[in-house]
1. Within segment 176-220, which residues have the backbone N less than 15 Å from the label spot 7 Å out from SER152 along Cα→beta-carbon, could you tell me?
2. In Å and on Cα atoms, what radius of gyration and Dmax does segment 68-216 show?
3. Nothing charged except the Cβ atoms of Lys and Arg (+1) and of Asp and Glu (-1): what's the magnitude of the dipole of segment 43-189 about its Cα centre? Round to the nearest 20 debye.
4. With no solvent and one equal point scatterer per Cα, compute the Debye intensity ratio I(q)/I(0) for segment 18-131 at 0.12, 0.23 Å⁻¹ and report its log10, rounded to two decimals.
5. So how much accessible area does HIS195 have, in Å² to the nearest 10, using a 1.4 Å probe?
6. Provide the packing ranking of 79-85, 21-27, i.e. peptides ordered by the mean count of other C-beta atoms within 10 Å per residue, highest first.
7. Going down the table (LYS75/LYS137; LYS137/LYS188; LYS70/LYS91), which pairs top 19 Å between alpha carbons?
8. Once every DSSP H run of n ≥ 4 in the chain is given -39500 (n - 2.57) and the sum is divided by its residues, what mean residue ellipticity at 222 nm do you get, rounded to the nearest 500 deg cm²/dmol?
Amino acid sequence: IRDRILGSYVRVHEQAEVTFDETGKPIRMVGTVLDVTEQKHAEETIKRNYQIQNILNSLLNVSLEVIPLKELLVKALDIILSVPFLPLMPKGGIFVVEDEPDVLILTANRGFSVPIQEICARVPFGRCLCGRAAASKQIQFADCLDERHENSYDGITPHGHYNVPILSMGKVLGVIVLYLSEGHSQEKVEIDFLHAVADAMAGLIERKRAEEGLRQHSKELLALAD
């Protein structure tokens with residue numbers, strides 16, 4: 001039984017005497033009550049850590065697939081959006097830095113409306129939440145549509161955000177954008193998880209770009225040989 005006021009968990013002994021009112025609602029209980037809050041929290045932590053490890057393992061497996069980077073990012077985004085302990089909306093995106101060093105290019109998305117796809121196709125560092133995440137190299141969090149949400153349009157659905165920079169040796173490779181239920185409060189365990197996801201995504205992007213670079217180099221060598 002969870003105490004809704006104190007947020008604690010208790011286990012009632014089976015021989016406890018419970019008095020009910022005329023509607024069947026328990027109003028009085030006499031017996032032994034054991035506080036199992038710590039045990040419950042420990043179980044929840046173990047379960048969450050297991051889920052996190054599964055997500056990271058899945059991202060590692062995706063990075064080994066021999067498919068174009070854009071397809072990899074779509075698959076990776078689906079995995080990230082499946083995390084069970086975050087109140088994510090079924091939408092998100094991954095931006096990458098391509099030829100222009102201070103510009104984010106929307107490369108993969110799920111659930112983005114046409115206006116957002118158009119507005120956010122190319123986002124300079126420092127603009128909107130994703131651009132601020134890239135410029136600061138820090139996670140940008142919002143629990144609602146605040147003044148930092150510069151890329152907006154009439155009729156946009158209320159929501160919150162986690163905007164997570166993807167970094168490698170201090171260099172910005174891209175940004176992960178996740179949509180949250182409005183009013184959500186960020187927690188340290190979420191931040192730690194998102195940092196781990198960003199590290200995995202950095203490895204995925206660098207691996208794929210290295211493969212593509214080697215492939216292009218091989219083509220050039222073959223062309224010279226001919």
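1. Under cut-off, by backbone N: 182-183.
2. 14.5, 47
3. Computed charge dipole of segment 43-189: roughly 300 debye.
4. The calculated log intensity ratios at q = 0.12, 0.23 Å⁻¹ are -0.64, -1.26.
5. Its heavy atoms expose roughly 90 Å² to the probe.
6. 79-85, 21-27
7. LYS75/LYS137
8. So the calculated ellipticity at 222 nm is -14000 deg cm²/dmol.
The values are calculated or read from the model by the stated rules, or taken from the named source; none is laboratory data. Everything numeric here is computed off the predicted structure, so don't read it as measured data. Counting neighbours? That spans all protein chains shown, and the Cβs are built from the backbone with ideal geometry, glycine included. Ligands, DNA and RNA are stripped out before the accessible areas are found, and what is left, the full protein with its side chains, is counted by its heavy atoms. Shrake-Rupley method; radii C 1.70, N 1.55, O 1.52, S 1.80 Å.
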